[in-house]
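Accompanying notes for the structure given below.
The values are calculated or read from the model by the stated rules, or taken from the named source; none is laboratory data. All values reported here derive from a predicted model rather than from experimental measurement. Heads up, the Cβs are rebuilt from the backbone with ideal geometry, glycines too, and the neighbour counts pull from every protein chain shown. Surface accessibility is based on the protein's heavy atoms, side chains included, excluding ligands, DNA and RNA. Shrake-Rupley method; radii C 1.70, N 1.55, O 1.52, S 1.80 Å.
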There are 2 protein chains.
Amino acid sequence: MSEERTEISSLGEFGLIEFLTRNIEIQQASTVLGVGDDAAVIDHFGKQTVISTDMLVEGIHFDLAYTPLKHLGYKSVVVNLSDIYAMNATPTHITVSIAFSNRFSVEALNEFYDGVYAACEKYGVDLIGGDTSSSQKGFVISVTALGEVTPDQFVKRSTAQKGDLLCVSGDLGAAYLGLTLLEREKRIYQENPQLQPDLENQTYIIGRQLKPEARKDIVEYLEEQGVKPTAMMDISDGLSSETLHICKQSNLGCVLYEEKIPIEDQTKQQALKFGLDPTACALSGGEDYELLFTIKQEDYDKLVLSEQISVIGYMTDISEGAHIITKGGNKFKLVAQGWNAFEQ
Amino acid sequence: MSEERTEISSLGEFGLIEFLTRNIEIQQASTVLGVGDDAAVIDHFGKQTVISTDMLVEGIHFDLAYTPLKHLGYKSVVVNLSDIYAMNATPTHITVSIAFSNRFSVEALNEFYDGVYAACEKYGVDLIGGDTSSSQKGFVISVTALGEVTPDQFVKRSTAQKGDLLCVSGDLGAAYLGLTLLEREKRIYQENPQLQPDLENQTYIIGRQLKPEARKDIVEYLEEQGVKPTAMMDISDGLSSETLHICKQSNLGCVLYEEKIPIEDQTKQQALKFGLDPTACALSGGEDYELLFTIKQEDYDKLVLSEQISVIGYMTDISEGAHIITKGGNKFKLVAQGWNAFEQ
């Protein structure tokens, strides 16, 4: 964080908004009116609008002890864009609202917005509005993302069919291990501030936790290949929780193969160091923001060459339940053990 | 509040969402997909989409000591709809995200959502998504509202013209006095819990604070009369602050007449009881959610019969500044003293 500190009160609410939005560049032709009025205005050209919203709360979703504000701004946008891509849509606009206590300086908020704008630029979306507010305690972020999709080309969670192949993008479990590592280093630092954090060779799993990306490339690749998933969602709570959502909403069962679940070597190594099962991290870790989707069997050939897509199982009749077949050949019932804020 | 108490953890996040959204009725033909997937989907028919978002934070924007949760849910929606009407648009959809600590029960959240749904029903908008989250402390609400408008019929703050008449709907200052009264009763109660609150004959100002309405009727009336305001915004921070916004963004000055500012008798009486100047309450009180707008002089005849619209001044060249002429004939510079969360 920079060393300057400007009190928010020296700018006032409107001065703060002007400051934070001074570099906005409009990227979408459909943005008729952006920040600065009662509301923003978006034009449409025969498309459907897709909307998603997420709230991130300090102490629940992030810890500022090890989360740079710029990364936090970036991540706050990306997790919403991930939901839009998970609808097979293209994100176009976001609104960002924040509430913060007076321990935050203008410089701190500026760093947060630098991350917001970096995500906007990378994904080609326009920031068109928001709200800034005081809070009594803690930092709260609420982002709403809008996207567009050709009419009726959006993909729901509830439309998988029996026999469809279950696919996942990228690799799983890394974000959870990055979080576990950061939490450990925080504890060590709190106990002994002289010790430097031991994060060497851990850049992959830490990056996956602090600066996730949304799988725009996968949605584009599927379209290029002429494959429309039969169902899709993003993985924010862990593979088992999300797989069970698709099963429940599509009224189906499924079989998953442990050996097919994509896990990076660094993730596996770090899991073993912590005495954790890498597969359990992938099933229950969460925050991977990969895409989980089902395709018709006849589309398999069109995706087989992608190294970024793994077929991990298939959908069955609901009467067969949802199961995972382990590497040892055992069959277990799939249970949701994903992150659940209300059980912590 | 009801006497039952169901712990949120007994439902889990998804059970909670299912419970809170079990009675949603879709009112908008354009709602293709609502709650329950990664994102909602809205169809368009050659309209422009208008978007607004607001965050409400416990201890900053509301005090649960005297704010019933149902009213809070209602108000959270209405303040956003007010922004959409202030664009000369019709609200169609909202998303509602909340973060809350474990002192809230399912019954408490249900009361909040009862208010949300009551506002949705009254204004004909669909709740199509949102997020629920834990918080370490306090209740935080973020609402995003979407509306539609015939292409390029939206009204900005920046398009008033020199000579235009400055108009306001309804009456001003009541919500601020309602708040002042509720704060006083809270202090009295804290000092002596035996004393019953003395709120008799104060239903108007308390209602204006706890359950404001958005001026849908005014937007409809203007359209019926064939009057398109040249600029418009809603009054959330007080008349002077908002008037100065229109002046600044339209690059104009203005003259306001104190005697033309609409203030209800009950507001005046309560102001005098508190030793406050009623005009100061109207200028700086805030939370009235009335519409402030400018019209061409030739449209005056079309609005003169409405008891709900007051002409309070006119726009001047920027070189003349922004002033108010008092009942006594004195001229003062208009200054923004509206509610400013960052100076408290």
Note on A:THR31: of the conditions (1) more than 8 Å from chain B (Cβ to nearest Cβ); (2) over 22 Å from B:ALA231 (Cβ atoms), unmet is (2)
Scanning region A:260-277 residue by residue, the ones that are under 26 Å from A:LEU72 (Cα atoms), in contact (Cβ under 8 Å) with a residue 40 or more places away in the chain and part of a helix (DSSP H, G or I) total 4
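Among B:GLU7, B:GLU25, B:GLU18, which is the only one that is farther than 25 Å from A:ILE128 by Cβ, modelled with pLDDT of 80 or more and more than 7 Å from chain A (Cβ to nearest Cβ)?
From the options B:GLU7, B:GLU25, B:GLU18, the qualifying one is B:GLU7.
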Can we say B:ASP152 is at pLDDT below 90 and not in a helix (DSSP H, G or I)? yes
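Quick test for you: out of B:MET55, B:MET87, pick the one residue that is touching a His at 6+ places or on another chain (Cβ under 9 Å), within 21 Å of B:GLY286 (Cβ to Cβ) and of a type outside the set (Asp, Glu).
Only one candidate qualifies: B:MET55.
What do you reckon, is B:ILE42 within 13 Å of B:LEU127 (Cα to Cα), over 13 Å from the mean Cα position of the chain (by Cα) and either at pLDDT 95 or above or crowded, with 23+ Cβ neighbours inside 10 Å (or both)?
Judged against the criteria, B:ILE42 is a match.
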### Message
Residues that are crowded, with 22+ Cβ neighbours inside 10 Å and out of contact with any Gly (no Cβ under 9 Å at 6 or more places or on another chain): does region A:57-67 have at least one?
### Response
yes
Of (1) under 19 Å from the mean Cα position of the chain (by Cα); (2) part of a loop (DSSP other than H, G, I, E, B), A:MET233 fails just (2)
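Scan region B:118-141 for residues that are more than 14 Å from every other protein chain (Cβ to nearest Cβ), touching a helix residue (DSSP H, G or I) at 6+ places or on another chain (Cβ under 8 Å) and either open to solvent by 10 Å² or more (accessible area, probe 1.4 Å) or part of a strand (DSSP E or B) (or both) and jot them down.
Result: B:ALA118, B:TYR123.
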Does B:LYS248 qualify as being part of a helix (DSSP H, G or I), surrounded by fewer than 19 Cβ atoms within 10 Å (Cβ to Cβ) and without any contact (Cβ under 8 Å) to a residue 40 or more places away in the chain? yes
The condition from (1) within 8 Å of chain A (Cβ to nearest Cβ); (2) more than 15 Å from the chain's Cα centre (by Cα); (3) within 29 Å of B:THR294 (Cβ to Cβ) that B:SER97 misses is numbered (3)
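What about A:ALA175, is it among the small types (Gly, Ala, Ser), part of a helix (DSSP H, G or I) and under 29 Å from A:GLN28 (Cα atoms)?
Working: among the small types (Gly, Ala, Ser): yes; part of a helix (DSSP H, G or I): yes; under 29 Å from A:GLN28 (Cα atoms): no.
No; evaluated as a whole, the condition is false for this residue.
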Log entry, pairs with first residue in region A:65-78 being in contact (Cβ under 8 Å) with a residue 60 or more places away in the chain and within 20 Å of A:GLU183 (Cα to Cα), second being of a type in the set (Lys, Arg) and part of a helix (DSSP H, G or I), beta carbons closer than 6 Å, six or more apart or on different chains, reads A:ALA65/A:LYS186; A:TYR66/A:LYS186
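Restricting attention to region B:156-205, which residues are β-branched (Val, Ile, Thr) and more than 30 Å from B:THR316 (Cβ to Cβ)?
Step one: of region B:156-205, the residues β-branched (Val, Ile, Thr) are B:159, B:168, B:180, B:188, B:203, B:205.
Selection gives B:THR180, B:ILE188, B:THR203, B:ILE205.
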Cβ pairs under 6 Å, 6+ apart or interchain, first in region B:123-138 and of a type in the set (A, V, I, L, M, F, W, C), second open to solvent by less than 10 Å² (accessible area, probe 1.4 Å) and outside any strand (DSSP E or B), ordered by first then second residue, are B:LEU127/B:CYS120
Taking region B:142-169 and keeping residues open to solvent by less than 10 Å² (accessible area, probe 1.4 Å) and either out of contact with any strand residue (DSSP E or B) (no Cβ under 6 Å at 6 or more places or on another chain) or among the aliphatic types (A, V, I, L, M) (or both) leaves B:VAL143, B:ALA145, B:LEU146, B:VAL149, B:VAL155, B:ALA160, B:LEU166, B:VAL168
Expected output for region B:315-326 (first residue assigned by TED's automatic domain parsing to the domain that holds B:LYS296, partner assigned to a helix (DSSP H, G or I) and loosely packed, with under 14 Cβ neighbours inside 10 Å, Cβ below 9 Å, 6+ apart or cross-chain) is B:ILE325/B:GLU259; B:THR326/B:GLU259
ask   = Do the conditions hold for A:ASP317, that is, is it touching a strand residue (DSSP E or B) at 6+ places or on another chain (Cβ under 9 Å), open to solvent by 30 Å² or more (accessible area, probe 1.4 Å), farther than 21 Å from A:ALA86 by Cβ and charged (D, E, K, R)?
value = yes
(1) modelled with pLDDT of 75 or more; (2) open to solvent by 50 Å² or more (accessible area, probe 1.4 Å); (3) within 26 Å of the chain's Cα centre (by Cα) all hold for B:VAL35 apart from (1)
Scanning region B:59-88 for residues that are over 15 Å from the mean Cα position of the chain (by Cα) and within 7 Å of chain A (Cβ to nearest Cβ) gives B:GLY59, B:ILE60
Of the residues in region A:254-276 that are within 13 Å of A:TYR176 (Cα to Cα) and of a type outside the set (S, T, N, Q), the one that is least open to solvent (accessible area, probe 1.4 Å) is A:ALA271
Among residues of region A:34-52 being in contact with a Leu (Cβ under 9 Å, 6 or more places away or on another chain) and hydrophobic (A, V, I, L, M, F, W, C), the residue farthest from the other protein chains (Cβ to nearest Cβ) is A:VAL35
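Tally the residues that are open to solvent by less than 90 Å² (accessible area, probe 1.4 Å) and either in contact with an Asp or Glu (Cβ under 7 Å, 6 or more places away or on another chain) or not assigned by TED's automatic domain parsing to the domain that holds A:PRO262 (or both), restricting the search to region A:291-301. Break it down stepwise before answering.
First pass over region A:291-301, keeping only residues open to solvent by less than 90 Å² (accessible area, probe 1.4 Å): A:291-295, A:299.
Filter once more, so that each one left must be either in contact with an Asp or Glu (Cβ under 7 Å, 6 or more places away or on another chain) or not assigned by TED's automatic domain parsing to the domain that holds A:PRO262 (or both): A:291-292, A:294-295.
Of the residues in that region, 4 qualify.
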query = Do we find a residue being among the small types (Gly, Ala, Ser), over 23 Å from A:ALA214 (Cα atoms), touching a Pro at 6+ places or on another chain (Cβ under 9 Å) and assigned by TED's automatic domain parsing to the domain that holds A:ASP171 anywhere in region A:250-270?
reply = no
